[in-house]
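Inspection log for the structure reproduced underneath, given as structure tokens.
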Amino acid sequence: MPTLPCPDARVHPMVKDPGGYFTLEEVEQALARHQPALLFLTHGESSSGVLQPLDGYGELCHRKSAGAQRTAVLGSVLPELDFQPQPAERGQQHPAGVNPTHPCSLLPPRYGCLLLVDAVASLGGAPIYMDQQDIDALYSGSQKVLSSPPGTSIISFSERARDKINARKTKPVSFYLDITLLGNFWGCDDQPRLYHHTTPVVSLYSLRESLALLAEQGLENSWRQHREATGYLHQRLQELGLQLFVKDPALRLPTVTTVAVPAGYQWKDILQYLMDHFGIEITGGLGPSVGMVLRIGLLGHNATRENVDRLAGALREALQNCPRSKL
């Protein structure tokens, strides 16, 4: 996806062709080259239907330095610190796996950046573990898997991100996105609350009910529902002779499926036929994937085998009746 300009920030985009994802090695090369304050990854990349792996990326952002660089720094730092290791008592563990008896624990993280994750198209439909995956900021939207009206978002911060926000020396460029003001408005800082905006009461009640339904179903059950419904969709699409755009099954987003536009067809013709004859809405590509794919969402209560069968029948008829070039 294209990167929008950000005021007062230097943005170094990492670009992949549609259908690709970023490996740990590629991300580490970018971190070493640019030394950013923040790494931004999209978990569910809905323009191409890719599920970006997250395991290890938070650790990469935060982990301690290693090797000769450590030794060189320790040689000059330890004498000044008069370092005296203090072992933990039997049965105790130090937080976050840090061993304070190891002098390397005194050093700053290798890259020292925060990890921000976009989970708009994945939260509730694909496994994500904010604490275990060491994610600093994670946000999602109300209208995807949660099946709530659009217009509200949910966001969470780690303690590391919270401390970074509170230590900020300059005012944010946007009053509306000033997290300290929003946090105060939400009652997060134990200070008298100041007015920031008119609360979208109906939208928040809708979001609360959507979250309650998800909690009642259980996250693991929701993940399984989306995985099974999408697996069935893949089967039905391939029976029609259509090709899945993401080749590696492990990298396919279980909420948004991308199909290569079949040869000879105009993708807009297929979309229009489905809408006109069946009242079914799917969409084409987005950004760099425009003209390459059809995108099919199975999100929240729509993720059922019945809906898959209905769509498969509609697609079969569309392929039979839409104009097709023989060139």
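The values are calculated or read from the model by the stated rules, or taken from the named source; none is laboratory data. Since we're looking at a predicted model, the values are computed, not measured. Virtual Cβ from ideal backbone geometry, glycine too; neighbours counted across all protein chains shown. With ligands, DNA and RNA removed, areas are computed over all heavy atoms of the protein, side chains included. Shrake-Rupley method; radii C 1.70, N 1.55, O 1.52, S 1.80 Å.
What do you get for trypsin sites (Lys or Arg not before Pro) in segment 145-230 restricted to DSSP loop and a cutoff of at most 16 other Cβ within 10 Å of the site's Cβ?
Loop-located and lightly packed - 168, 169, 193.
Taking the centroid of alpha carbons for each part, segment 296-312 and segment 171-189 are 39 Å apart. Rolling a 1.4 Å probe across the protein heavy atoms gives segment 182-327 an accessible surface of 59 Å² per residue. Compactness check for segment 189-327: Cα Rg over 2.2 N^0.38 Å is 1.34.
Using a probe radius of 1.4 angstrom, the carbon and sulfur fraction of the accessible surface of segment 203-299 is 51%.
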